[in-house]
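A short write-up of the structure that comes next.
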Amino acid sequence: MDRLISLEPSNVVAIRLEQGQKCYGRLILRNVMYTMPVAFRLQPMNKGRYTIRPQSGIISPLTTVTIEITYDFLPNSSLSGPFPYCEDSFLLHSVVVPGAASKNPSSTHDSVPSDWFTTRKKQVFVDSGIKVMFVGSMVITRLVKNGPMDALRDVLEKSDPGWKTVDSVDEDGQPLLHLAISRRRAELVQLLLEFEPDIEARSRSGTSPLEDAAASGDSLIVELLLAHRANTERSESSTWGPLHLATSGGHVDVLKLLLLKGADVNSLTKDGNTALHLAVKEHRRDCARVLLHAGISPDVRNFADNETALHIASARGDDTMVKLLLLKGANKDIRNRSGKTAYDLASENGHTRLFDALGLGDRLCLAATKGEARTLNRVLEVGAVINGQDQHGWTALHRASFKGHIDVVRLLIEKGVNVDSRDEDGYTALHCAVESGNIDVLELLVKKGADVKARTSKGVTAMQIADSLNYAGVTRILINGGANKDEIKNVGRNSPAAFGNKTGRRSDYRDTGLMKKKTSGRVKAVGGGFQRSASPLAMV
């Protein structure tokens, strides 16, 4: 037999060091004998540094005794040496004492005569392999800041579970998770998470670990925290939540991870801003696209100024952001606390290139639709973009041509409008004039060089549209303008005439002078033929 006593949990005594507190550790001795009591004596090699209670005693068969070892750590002392390990050690003497009555090992410091361990007649076992390791917040925070991983793991494993060492804080009150995150060491974070720390522990400034990780932009650390169910929403003690911090920092990968794990895209900062407000303020366009794709509302107003993201982008002159917000349906007519729209703020700050997108484009389209040539001319003079397109790709020329406002069409052409501009389906103003049967507009467009052979994205020409609607006069104008009359023969039995007047929805009623007919939508090629479809015409 090599030993009479086993050591639990190991042959290392973990001494917990805490500034201003009693520094001690515990060692459990177990008698491995089935029938015989065993006497023990534990002695430190450095007697002036350690106090042991009890230092000796008798252990009944198969029972244990807990030894408390106190380390004399002076107040205001600093750590030095090869921490967490120490060269100090202890000698454990043990001897079988048949017939000895078990005594309370904690009753006296010298409950066993010292000569029991020196009599030559008895077989005394001596274990000199008991070492010292220092644990506690003072040690572990130092290891997290600049120590090796193996030593850190050793300290976490050998610490008393009741101490919850992994939730230690440094001298400034900063938790271990926050220390590891601040150093952007994902491997440290992963190690700490193995020992189940408080995943929502607050830093000195009141932030959660996930909030700190999101602000740092370390996607691996964020992913580790999310895997351990870190809360994705703003904590009550924080000004900004993880989503806001990631957005402000431009950390797109982190932002996507948070949204994937269910973060509320419309969550607010303490002062009432959404992540979209912050994306606009910091010119984080990629983040704004991610947020808008995730469904964030572009029309939420903040607390301070009652402004939407569009107000902020317009005041700053960020035309790319303005166009992105408008494309996603931002309301241009919302007024802030001062009663101003996004257009007003752009105008105040001299951002003339935004005028069209924020207001002049709408006025231009309205004037073209109503046939108000004077209004249209004034809007063009103050900066409206003549070839500006709405969300369906329609220009002012498309609208005026469909409505048959010849004076507006003529003015737009004189001002240099692109007569062959195409909408999202490939329709030109010529297609619009043909479908609505506006002879005067059609003749003017042809005279000014409009492409009579232009095809829509489905391959439909103006000639095919005119023939399908039985517009004989329109067909003649197109042929005279250079259109291919053989296209009429190729329309075939699948033309709109074959389908009758089936439509998606009515868009306008026209009295063309050529013939009285209700027109309802544009003609699209489908399956080699044509059918009526609802389209932007319904909006004019």
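FYI, it's all coordinate maths here, none of it is from the lab. As the structure is a prediction and not an experimental result, all values here were calculated from the model. Note that we place each Cβ from the backbone using ideal geometry, even for glycine, and neighbour counts take in every protein chain shown.
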Worksheet, complete the sentence: Computed, not fitted: 222 nm per-residue ellipticity of the chain from DSSP H runs ≥ 4 (each -39500 (n - 2.57)), nearest 500, equal to -9000 deg cm²/dmol
Practice prompt. Measure off 7 Å from each Cα along the Cα-to-Cβ vector at ASN377 and LEU220, then give the distance between these two points in nanometres to one decimal.
Written response: 6.8 nm
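Once you have the Kirkwood Rh of region 290-365 from its Cα pairs, apply Stokes-Einstein at 10 °C and 1.306 mPa s and quote D in µm²/s.
Numbers: Rh = 12.3 Å.
D = 129 µm²/s.
Would you please give the FRET efficiency between ASN11 and LYS164, computed as 1/(1 + (r/R0)^6) with r the Cβ-Cβ distance and R0 = 22 Å, to the nearest 0.05?
0.40
What is the chain by shape, rounded, prolate or oblate, if you read a ≥ b ≥ c off the alpha carbon gyration tensor as root eigenvalues and call it rounded for a/c under 1.5, prolate for a/b larger than b/c, and oblate otherwise? Mind dumping the intermediate values first?
Numbers: a/c = 5.87, a/b = 3.53, b/c = 1.66.
Verdict is prolate for the chain.
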Worksheet item: Counting other Cβ atoms within 10 Å of each Cβ, which trypsin sites (Lys or Arg not before Pro) in region 23-64 have at most 13 and sit in a DSSP loop?
Response: LYS47
Worksheet entry | Computed label-point distance, nm, for sites ASN331 and GLN21 using a 7 Å Cα→Cβ extension | 5.6 nm
Item to complete: Indicate the gyration tensor shape class of region 193-261 (rounded, prolate or oblate), computed on the Cα atoms with a ≥ b ≥ c the square roots of the eigenvalues: a/c under 1.5 is rounded; otherwise a/b larger than b/c is prolate and the rest oblate.
Response: oblate
Response to the item:
The FRET efficiency for MET149 and VAL32, from their Cβ-Cβ distance with R0 = 56 Å and rounded to 0.05, is 0.95
Practice prompt. Calculate the spin-label point distance for THR239 paired with SER457, positioning each point 7 Å from the Cα along the beta-carbon direction, and give it in nanometres.
Written response: 4.6 nm
Practice prompt. Assuming R0 = 30 Å, can you tell me the calculated FRET efficiency for the pair ARG3 and GLU194, based on Cβ-Cβ distance, to the nearest 0.05?
Written response: 0.40
Item to complete: Using 0.36 nm per residue of separation minus the Cα-Cα distance, give me the extension gain between THR66 and VAL300 in nm, one decimal.
Response: 77.9 nm
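For a 30 Å ceiling on Cα separation, which of these pairs sit above it: LYS281/LYS415; LYS328/LYS447; LYS370/LYS453; LYS261/LYS281; LYS145/LYS270? Could the numbers behind the result be given before it?
Numbers: LYS281/LYS415 37 Å; LYS328/LYS447 39 Å; LYS370/LYS453 28 Å; LYS261/LYS281 25 Å; LYS145/LYS270 32 Å.
Pairs exceeding 30 Å: LYS281/LYS415; LYS328/LYS447; LYS145/LYS270.
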Worksheet item: Any idea what diffusion coefficient region 404-468 gets from Stokes-Einstein, in µm²/s, Kirkwood Rh on alpha carbon pairs, 37 °C, 0.692 mPa s?
Response: 279 µm²/s
Worksheet item: LYS340: which aspartates and glutamates have alpha carbons under 15 Å from its alpha carbon, excluding same-chain residues fewer than 8 sequence positions away?
Response: ASP299, ASP305, GLU307, GLU348
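Please list 382-390, 90-98 highest first by mean number of surrounding beta-carbon atoms within 10 Å per residue. Each step should come with its number before you reach the end.
Numbers: 382-390: 16.1, 90-98: 18.6.
Ranking the peptides 382-390, 90-98 by packing returns 90-98, 382-390.
Determine, for each peptide in 450-459, 365-374, the mean count of other beta carbons within 10 angstrom over its residues, then list the peptides with the highest first. Don't skip to the end; give the middle numbers.
Working: 450-459: 17.0, 365-374: 18.9.
Going by the mean number of other Cβ atoms within 10 Å, highest first, we get 365-374, 450-459.
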